[in-house]
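> Dumping the structure here so I can ask a few things about it.
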Amino acid sequence: MEKYVKLQKIGEGSFGKAILVKSAEDGRQYVIKEINISRMSNKEREESRREVAVLANMKHPNIVQYRESFEENGSLYIVMDYCEGGDLFKRINAQKGILFQEDQILDWFVQICLALKHVHDRKILHRDIKSQNIFLTKDGTIQLGDFGIARVLNSTVELARTCIGTPYYLSPEICENKPYNNKSDIWALGCVLYEMCTLKHAFEAGNMKNLVLKIISGSFPPVSLHYSFDLRCLLSQLFKRNPRDRPSVNSILEKGFIAKRIEKFLSPQNACMTKYSSENTDVDSTITTRRTHYLLQKNFV
């Protein structure tokens, strides 16, 4: 830890502490997750180290960047980039009841989907997608973080069986203690989209039992007609009770009204491949969708 100067504690949870630090080498601010592994079993220690391995392989503009990790005095330290804009949960609460514009919601949603595509393409479940794990950088870019309970799948059809995650975002299959796969992340994605549209949780109750019953029923208060039919229809698809009926993240990104927003979030080298579209404001949505499909297939986004 001699390379870093502690500034303040910015979070604490079952995993340990999150500390804002300043690097003595480059003067930049970072977040360090400090996890006490001294009292852990060998299995738990390996699980903590697994998070590091998962994070180290995540290199994407919409995923919080891992920098390094080290073990010292019985603790595991994970160094991550610091997102000065805070998390999406706080941003939602700051609205004080004033709904976001649809353009803003879709720009954020597309970036979350691009991050989730990167995760799912690598046969990984995030398993804790929620507004508190989605961060904003200084320039407003969305970054998905906290892979503390992520799980690498041996194959895309393997189903995880551990009941885990944050209660408001649990899928029906997890509530019913059934096997689940990446479609549970899609349900949680729907919960985040609903939160951005209403500034409230889709499923709320005074206790866990009633919350579970609400989630299993799949009924939620409707979103304002202020938002487009496309957006409201997408939300209903993300909240399909049967996971097989929910779209994959790739099929979400190929929807016309989503696809046309992707290019603004591509890296410069990928954006130049599709530059002609920005020079023609009347590009047919079918062409846009085909181009997006090509980029998705080539793993450019």
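> Consider V5 carefully, then state whether it is assigned to a strand (DSSP E or B) and without any contact (Cβ under 8 Å) to a residue 24 or more places away in the chain.
Details: assigned to a strand (DSSP E or B): yes; without any contact (Cβ under 8 Å) to a residue 24 or more places away in the chain: yes.
Answer is yes for this residue.
> What number of residues within segment 66-116 satisfy the criterion of being in contact with a helix residue (DSSP H, G or I) (Cβ under 9 Å, 6 or more places away or on another chain), among the basic types (K, R) and within 24 Å of S228 (Cα to Cα)?
Final tally of qualifying residues: 1.
> Determine which single condition N57 fails, assuming it passes every other condition in (1) in contact with a Phe, Trp or Tyr (Cβ under 9 Å, 6 or more places away or on another chain); (2) at pLDDT 85 or above.
Only one criterion in (1) in contact with a Phe, Trp or Tyr (Cβ under 9 Å, 6 or more places away or on another chain); (2) at pLDDT 85 or above is unmet by N57, namely (2).
> Kindly indicate the residue of segment 200-214 that is of a type in the set (D, E, K, R) and farther than 17 Å from Q132 by Cα and also modelled with the lowest pLDDT among those meeting that condition. Show your work before the answer.
In the first step, residues of segment 200-214 are kept if they are of a type in the set (D, E, K, R); the result is 200, 204, 209, 214.
This time we only want the ones that are farther than 17 Å from Q132 by Cα, so: 209, 214.
Numbers: K209: 89, K214: 93.
Here the answer is K209.
> Evaluate the following for S217: is it loosely packed, with under 13 Cβ neighbours inside 10 Å and either polar (S, T, N, Q) or modelled with pLDDT of 95 or more (or both)? Give the derivation first.
On the way: loosely packed, with under 13 Cβ neighbours inside 10 Å: yes; either polar (S, T, N, Q) or modelled with pLDDT of 95 or more (or both): yes.
For S217, the condition - loosely packed, with under 13 Cβ neighbours inside 10 Å and either polar (S, T, N, Q) or modelled with pLDDT of 95 or more (or both) - is met.
> From the list I92, I78, which residue is of a type in the set (A, V, I, L, M, F, W, C), closer than 23 Å to D185 by Cβ and in contact (Cβ under 8 Å) with a residue 60 or more places away in the chain? Lay out the reasoning, then the answer.
Numbers: I78 fails: in contact (Cβ under 8 Å) with a residue 60 or more places away in the chain.
One residue alone meets the criteria, I92.
> Which residues, taken from segment 48-88, are among the aromatic types (F, W, Y) and surrounded by fewer than 16 Cβ atoms within 10 Å (Cβ to Cβ)? Even if it seems obvious, please write down each step before you answer.
Here is the first cut: in segment 48-88, the ones among the aromatic types (F, W, Y) are 66, 70, 77, 82.
Listed by number, the list holds a single entry, F70.
> Can you tell me how many residues within segment 37-61 are of a type outside the set (D, E, K, R) and in contact (Cβ under 8 Å) with a residue 40 or more places away in the chain? Explain how you work it out, then say what you get.
Start the filter on segment 37-61 by keeping residues that are of a type outside the set (D, E, K, R), which leaves 37-38, 40-42, 48, 52-58, 60-61.
Right, trim to in contact (Cβ under 8 Å) with a residue 40 or more places away in the chain and you get 54-55, 57-58, 60-61.
Result for segment 37-61: 6.
> I'd like to check something: does segment 239-250 contain any residue that is among the hydrophobic types (A, V, I, L, M, F, W, C), more than 16 Å from the chain's Cα centre (by Cα) and crowded, with 18+ Cβ neighbours inside 10 Å?
To start, the set of residues in segment 239-250 that are among the hydrophobic types (A, V, I, L, M, F, W, C) comprises 239, 249.
From what is left, the residues that are more than 16 Å from the chain's Cα centre (by Cα) are 239.
Going one step further and asking which of them are crowded, with 18+ Cβ neighbours inside 10 Å, we end up with 239.
Yes, segment 239-250 has at least one match.
> I need the helices (runs of 4 or more DSSP H) fully contained in segment 32-136, keeping only those with at least 2 residues that are over 29 Å from L234 (Cβ atoms) and not assigned by TED's automatic domain parsing to the domain that holds G11. Outline the logic, then answer.
Working: elements: 42-56, 88-93, 102-121.
Helices (runs of 4 or more DSSP H) meeting the threshold: none at all.
The values are calculated or read from the model by the stated rules, or taken from the named source; none is laboratory data. Just so we're clear, the structure is a prediction, and the values are computed from it rather than from any experiment. Cβ: placed from backbone, ideal geometry, glycine included. Neighbour counts: every protein chain shown.
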